[in-house]
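Trainee: If you scroll down you'll find the structure; I have some questions about it.
Here, each number is a calculation from the coordinates, and none is a lab measurement. Since we're looking at a predicted model, the values are computed, not measured. All Cβ positions, even for glycine, are placed from backbone atoms using ideal geometry, and neighbour counts span all protein chains on display.
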Amino acid sequence: MKIEIIDIPKIENRLGNIAVVENEVIPFDIKRVYYLYDIPSSSIRGGHSHKKLQQVLIAISGSFDVVLKDGNDIKTVTLNKPDKGLLIKDNIWRELENFSSGAVCLVLASAVYKEDDYIRDFDEFRMSKK
Ligand code: T46
């Protein structure tokens with residue numbers, strides 16, 4: 001499984017930095033933006049795949065691990081930089097864990113929320129890959 005990290009353009013300044021997300025750096029049209037915050041460190045989020053949705057995850061504060069499964073391979077990616085985005089294409093199982101204190105996960109999504117795009121059962125996900 002290829003891990004795709006997107007560099008988010010930034011403007012650095014001794015007074016602080018600005019990271020700018022525009023559609024051209026993201027490989028899909030952004031239709032929804034949401035963020036996970038106030039996350040207890042023991043939480044494991046995700047635990048599903050998407051049939052069509054693609055997403056980019058950015059740790060805009062703190063850090064967390066993203067475990068990705070494509071049916072054959074398992075990879076863990078630590079996100080801890082506000083200028084790095086992890087692209088997760090469709091049909092990839094994801095789990096988010098090891099959240100640091102104050103971690104915020106910004107998510108850029110290719111579509112509006114639709115529960116019927118989710119596969120939340122791991123066996124169903126594995127069968128869908130065959
Ligand atoms: C993902 C990870 C990173 C909505 O009503 N609208 C929304 O836009 C979202 C994202 C969720 N919901 C509802 C669905 C559930 O009843 O909020 C509840 C919690 O959602 P979920 O259990 O899917 O949350 P996470 O953190 O496990 O997953 C979310 C995204 O759903 C998912 O696509 O990749 O963040």
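Trainee: Which residue fluctuates the most in the chain, going by a Gaussian network model with Cα springs under 10 Å, if the choices are Ile92, Ile119, Ile11?
Mentor: For the chain, modelled as a Gaussian network with Cα springs under 10 Å, the answer is Ile11.
Trainee: With the Cα gyration tensor of the stretch 1-52 in hand, convert its eigenvalues to equivalent ellipsoid semi-axes via √(5λ) and list them largest first in whole Å.
Mentor: Largest first, the stretch 1-52 gives 25, 20, 12 Å.
Trainee: Can you tell me the Rg and the Dmax, both Å, for the Cα atoms in the chain?
Mentor: In order Rg, Dmax, the Cα atoms of the chain give 14.8, 52 Å.
Trainee: Same structure, new question: Considering Cα pairs under 8 angstrom that are at least six residues apart, work out the relative contact order of the chain and quote it in whole percent.
Mentor: This gives 35 percent for the chain.
Trainee: Longer than 24 Å from Cα to Cα, which of Lys84/Lys129; Lys89/Lys129; Lys84/Lys130; Lys31/Lys51 are they? Say none if no pair is.
Mentor: Lys84/Lys129; Lys84/Lys130
Trainee: Further question: Can you order the peptides 36-47, 15-26, 74-85 by their average number of other Cβ atoms within 10 Å per residue, highest first?
Mentor: The packing order, highest mean first, is 74-85, 36-47, 15-26.
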